[in-house]
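**Q** Next up is a structure, given as structure tokens.
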Amino acid sequence: MVTSKNISISLLLLLATGLSIWSILVSTAVPTTHELTNPKEADSFMQDVVATVLNSDGAPTMKLITPKMIHYPENNTTRIFTPRVTLFRKSPKPWYVDADYATASHGIDEILFWSNVNIHHPADEENPNTTLQTDTLKVFPAAQVATTDKPVTFIQPDTIVHGIGMLANLDAGTIKLLSQANGEYAPTS
């Protein structure tokens, strides 16, 4: 004979079995994508990028144009192809950096440009038209500093200077060649 007591016990057993099955399924569920991510494997990419970084006042500090960039979780690193970067500063004229490749590390704290690196500053009230050419260039956008330990060609009107290594304060517009600097006067007229 079936009593209400037996029905209650049966329902409690069914409920306990259901909760046990649910608990097993949840504990063996597929890990989240974060757990599956290998920090050395790309986790995202963008194409035809035009990005502008603003400071806390809303003024632009940097602009990046690239046909393709790929992000890797390790060190929050982004590989950038044929980057064209504009670094805004206190002067009315910004610095322009372009290269075949770049890697931004720790977000955009540090950007390493390589292969056919050109950095250019158009003439303004305080500085003449300036172009630098090198194989690699490390830029720290927040500090407005650029550096390399590779050969550098420094070009201003009527002047070409070759050297090894460079330290540039982009905000102040000062450029220091670190060694083996030798120049030539090359009048354009």
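The values are calculated or read from the model by the stated rules, or taken from the named source; none is laboratory data. Fair warning: this is a prediction, and the values are worked out from it, not measured in the lab. Ideal geometry is used to build each Cβ from the backbone, glycine not excepted, and the neighbour counts take in all protein chains shown.
**Q** For the stretch 50-78, which residues satisfy the criterion of being closer than 19 Å to residue 116 by Cα and either of a type in the set (A, V, I, L, M) or surrounded by fewer than 16 Cβ atoms within 10 Å (Cβ to Cβ) (or both)?
**A** Residues satisfying the conditions are 64, 65, 67, 68, 69.
**Q** Looking only at the stretch 138-189, which residues are in a strand (DSSP E or B) and without any contact (Cβ under 8 Å) to a residue 12 or more places away in the chain?
**A** Selection gives 174, 176.
**Q** Now, a different point. Hey, could you check the stretch 33-49 for residues that are in contact with an Asp or Glu (Cβ under 8 Å, 6 or more places away or on another chain) and surrounded by 10 or more Cβ atoms within 10 Å (Cβ to Cβ) and say which is modelled with the lowest pLDDT?
**A** 37
**Q** Write out, first by first residue and then by second, each pair whose Cβ atoms fall under 9 Å of each other, whose residues are 6+ apart or on separate chains, and whose first residue, in the stretch 49-70, is over 18 Å from residue 170 (Cα atoms) and of a type in the set (D, E, K, R) while the second is modelled with pLDDT of 90 or more and assigned to a strand (DSSP E or B).
**A** 68/46; 68/47; 68/48; 68/49; 68/79; 68/80; 68/81
**Q** Does residue 108 meet the test of being assigned to a loop (DSSP other than H, G, I, E, B) and buried (at least 18 other Cβ atoms within 10 Å of the Cβ)?
**A** yes
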